[in-house]
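> Supplied in structure tokens, the structure appears directly below.
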Amino acid sequence: MTGPQHVFSQIQSSDSGEYYCEAQNEMGTDRSRTMNMDVKYGPKSTSVSVSPSGEIVEGSSVTLTCSSDANPPVDKYTWYKKNVASPKASGQSYSITNIISEDSGEYYCEAENKYGRLNSSSVSVDVQC
């Protein structure tokens, strides 16, 4: 990059980092102080993992965990079951203990910070009787 200024036309999270400028003429070179640029953004890459993976037997326990990339970090996670109007839980993890067949279905999380919110894709919980 050359010139007295640099314009970020479409700033991205990957533009975060430390920057400085350097001025040069026939008498020499001088460098500015380093400046940290911290790009803020809403949640992205939101996903759900299931533990344990594999077969889920009635009476066992399952934990769903939501993860998301955001700056500042996600401050609110909400859990939903598809085709159920109200939220099931809040928090980064959702544990279903003593699971029953009625708990079977598709689950997803919503991650939120002050810059936005994003739903994960859903995961299937299939309880074997």
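What follows is calculated from the coordinates using simple rules that are stated; it is not laboratory data. Predicted model, so just to flag it, every value in this text is computed and none were measured. All Cβ positions, glycine included, derive from the backbone under ideal geometry; neighbour counts span all protein chains shown.
> Identify the single condition in (1) surrounded by 14 or more Cβ atoms within 10 Å (Cβ to Cβ); (2) out of contact with any Asp or Glu (no Cβ under 7 Å at 6 or more places or on another chain); (3) within 30 Å of G105 (Cβ to Cβ) that P73 does not satisfy, given that it satisfies every other one.
That leaves (1) as the condition not met.
> Name every residue in region 51-97 that is among the hydrophobic types (A, V, I, L, M, F, W, C), in contact with a Gly (Cβ under 9 Å, 6 or more places away or on another chain) and more than 30 Å from S14 (Cα to Cα), in order of residue number.
Within region 51-97, V84 is the sole residue that qualifies.
> Moving on. When you check K44 against the structure, is it over 16 Å from S122 (Cβ atoms) and loosely packed, with under 14 Cβ neighbours inside 10 Å, yes or no?
Numbers: over 16 Å from S122 (Cβ atoms): yes; loosely packed, with under 14 Cβ neighbours inside 10 Å: yes.
For K44, the condition - over 16 Å from S122 (Cβ atoms) and loosely packed, with under 14 Cβ neighbours inside 10 Å - is met.
> Do you know which of the residues in region 5-39 that are surrounded by 10 or more Cβ atoms within 10 Å (Cβ to Cβ) and aliphatic (A, V, I, L, M) is farthest from P73 (Cα to Cα)?
In this case the residue turns out to be A23.
> Now for a separate question. Can you pull out the residues in region 77-87 that are surrounded by 16 or more Cβ atoms within 10 Å (Cβ to Cβ) and of a type in the set (K, R)? Break it down into steps so the answer makes sense when it comes.
Residues of region 77-87 surrounded by 16 or more Cβ atoms within 10 Å (Cβ to Cβ): 77-81.
Matches in region 77-87: K81 only.
> Scan region 88-129 for residues that are loosely packed, with under 13 Cβ neighbours inside 10 Å and farther than 19 Å from S51 by Cα and jot them down. Steps first, please.
We begin by selecting, within region 88-129, every residue loosely packed, with under 13 Cβ neighbours inside 10 Å; these are 90, 97-98, 100-102, 114-116, 121, 124, 126, 128-129.
Selection gives K114, Y115, G116.
> Still on this structure, please answer the following. Just to be sure before I move on: is V50 out of contact with any Cys (no Cβ under 9 Å at 6 or more places or on another chain), in contact (Cβ under 8 Å) with a residue 24 or more places away in the chain and either surrounded by fewer than 11 Cβ atoms within 10 Å (Cβ to Cβ) or among the β-branched types (V, I, T) (or both) in the structure I sent? Outline the logic, then answer.
Numbers: out of contact with any Cys (no Cβ under 9 Å at 6 or more places or on another chain): yes; in contact (Cβ under 8 Å) with a residue 24 or more places away in the chain: yes; either surrounded by fewer than 11 Cβ atoms within 10 Å (Cβ to Cβ) or among the β-branched types (V, I, T) (or both): yes.
For V50, the condition - out of contact with any Cys (no Cβ under 9 Å at 6 or more places or on another chain), in contact (Cβ under 8 Å) with a residue 24 or more places away in the chain and either surrounded by fewer than 11 Cβ atoms within 10 Å (Cβ to Cβ) or among the β-branched types (V, I, T) (or both) - is met.
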